Every structure is written in structure tokens, then in C-alpha cells.
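This report concerns only the one structure given below.
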Amino acid sequence: MASDTVDPAEIARFTSLAEEWWNPNGRFRAIHKFNPVRRDYILNAISITFGLKLSDRYPLAGLNVLDVGCGAGLLCEPLAEQGAHVVGIDATARNIDVARLHASAQSLPIDYRHSLAEHVRERGERFDVVLNTEVVEHVANPEQLLADCAALVKPGGIMVVATLNRTLRAFLLAIVGAEYILRWLPKGTHDWRRFLRPKEIGDMLARHGLETKEVRGVSFNPWANRWRLSNDDSVNYMLLAEKKGS
């Protein structure tokens, strides 16, 4: 799948790991631990933006959500369970195969596609919510990816970007610690030089019509063995941006 944003080495890496996605004790176990906090953050951001009650049976009914770089659907499935119409796209074909199989077993009607954001943009589709989680640090041209994603957000809609900050602390914790010492992630998962600071993401999005609403850090509590939202964005963070209009 040729594109200015696609890095063939990253596609090969994730193809080799595709069967591991849904194993909570496998090579993506760190993402399984991280997923609840980002899921809850996204649900809360959606509920506030669109005035929804998460206590309702299907609170996201009527909303269109796009998950860019969806992997095998770890975010797509909980959003579909809340009633959203979810489209999940990924540049790795095997990820989509695994995602479809798992969603079918859960009877979830998720629209999975082996596709890029630019292809969805060419189709003229627009979404209330666009998710870009743990993707931007793996692409060859992050500004182009964010431009394509921004174009997919409806006026009044939101985008959530989750990624890693380019700081010394992130290098020590997210790469040296997580990949080489604790073995939470396969070695070589991340390249520190590709990490982006919140302001860099915010500036890119601003050039394409989105305004940053907030940045929240995500920190690991080793005593509780869980991730939580924090005010420390020096390693992992989530950025919420909104497209003006109605």
C-alpha cells in the first residue's frame, strides 16, 4: 500500500505481530493495560462534546467514529458496544483480518477496511469523531497523516491523538524501560526521533482547522499496576482537538 505516510518497515513489524493483538498476556499486554484509560477518556470527551449520557443503554447511537490505525480493534469494539457506527482502518492487512474475525465472534457490526486515511478522505467521508492513537509516531509523514485526519472530522466534531512526547524521560521510560528492561513491548517498537511534542501536534492540527482543547498525560502507577490520567505529559499523552462549526 504505497503512500507518503506509510513506512514499509513498520507495516512488516506489525504484520509479524498481528496474531498477538487480543492476547492480554502476549506481546501487546502493555496496550491492554493502557487501553481502559484511553477508552474512558475518549468516551468522556465524546459525551461532553455531544451532550450525551454514558449511563444510557447505547449512548453513542447516531455517531460516526473513525479509528485510524485501528490495529485489531481494541478501541473499535468498546465504542461499537456503546452504539456508535465505527469504521476501523489500518495499513496492515493482517491486522484487519484479525479485527474482523474478533468482531464477528462478538457480533459487532464494525466496518473494518485495509485502507489509509487519505483513501477515506478521497471518498468524501466525514465523521463526528476521529481517533489517531499510537499511530503518528509510526508514519513517515506525520503532518500529512494529521492533515488527512483533520479533513475527515465534521464541523463540530473532535479528534483524539494519543502518542509519546519527545523528551529524555520518554526515551528512558518508553524505550529503554518498556522495551529493553521490562520487555513490555517488542524491541524496536518505537523510534524516539519520531516522537512529537504536544505543541507540534497542536500546531499541525491548527494548520488544518482544528483547535486543541486540552492535553492530558497518561502515567503508570507501579504500586497499583495500572495507568491513569495525569497532568504529566512528558511521556504518554492524549490531545483533544475540535473542528469549529456546526
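The values are calculated or read from the model by the stated rules, or taken from the named source; none is laboratory data. Here the structure is a predicted model, which means the values were calculated and not measured. Because the Cβ atoms are built from the backbone with ideal geometry, glycine has one as well, and the counts that use them run over all protein chains shown.
Points worth noting:
- Matching residues, the range 125-144, being within 13 Å of the chain's Cα centre (by Cα), over 23 Å from residue 43 (Cα atoms) and modelled with pLDDT of 95 or more: none
- Meets criteria (assigned to a loop (DSSP other than H, G, I, E, B), modelled with pLDDT of 95 or more and more than 17 Å from the chain's Cα centre (by Cα)) for residue 108: yes
- Residue 129, sole failed condition from (1) assigned to a helix (DSSP H, G or I); (2) within 28 Å of residue 201 (Cα to Cα); (3) not polar (S, T, N, Q): (1)
- Residues being surrounded by fewer than 23 Cβ atoms within 10 Å (Cβ to Cβ) and of a type outside the set (D, E, K, R) - total across the range 128-138: 0
- Among the candidates 40, 67, the residue that is crowded, with 20+ Cβ neighbours inside 10 Å, under 18 Å from the mean Cα position of the chain (by Cα) and either at pLDDT 95 or above or more than 29 Å from residue 186 (Cα to Cα) (or both) is uniquely 67.
- Check on residue 5, modelled with pLDDT under 95, of a type in the set (S, T, N, Q) and under 27 Å from residue 118 (Cβ atoms): yes
- Matching residues in the range 209-237 - criterion: being buried (at least 17 other Cβ atoms within 10 Å of the Cβ) and over 25 Å from residue 180 (Cβ atoms): 210, 212, 215, 216
- Looking only at the range 17-37, residues that are modelled with pLDDT of 65 or more, of a type in the set (Gly, Ala, Ser) and not in a loop (DSSP other than H, G, I, E, B) come to 1 in all.
- Filtered residues of the range 221-246 (kept if in contact (Cβ under 8 Å) with a residue 24 or more places away in the chain and part of a strand (DSSP E or B)): 226, 227, 228, 229, 236, 237, 238, 239, 240, 241, 242, 243
- Conditions (1) in contact with a His (Cβ under 9 Å, 6 or more places away or on another chain); (2) surrounded by 19 or more Cβ atoms within 10 Å (Cβ to Cβ); number of the one not met by residue 25: (2)
- Exactly one residue among 200, 214 is under 18 Å from the mean Cα position of the chain (by Cα) and either among the hydroxyl-bearing types (Ser, Thr, Tyr) or not in a strand (DSSP E or B) (or both), and that residue is 200.
Yes or no, residue by residue, for (1) touching a residue at least 12 places away in the same chain (Cβ under 8 Å); (2) buried (at least 19 other Cβ atoms within 10 Å of the Cβ):
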site: 149; (1), (2): yes, yes
site: 154; (1), (2): yes, no
site: 158; (1), (2): yes, yes
site: 168; (1), (2): no, no
site: 171; (1), (2): yes, no
site: 182; (1), (2): no, no
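- Residues being farther than 18 Å from residue 119 by Cβ, in contact with a Lys or Arg (Cβ under 6 Å, 6 or more places away or on another chain) and part of a helix (DSSP H, G or I) - total across the range 140-174: 0
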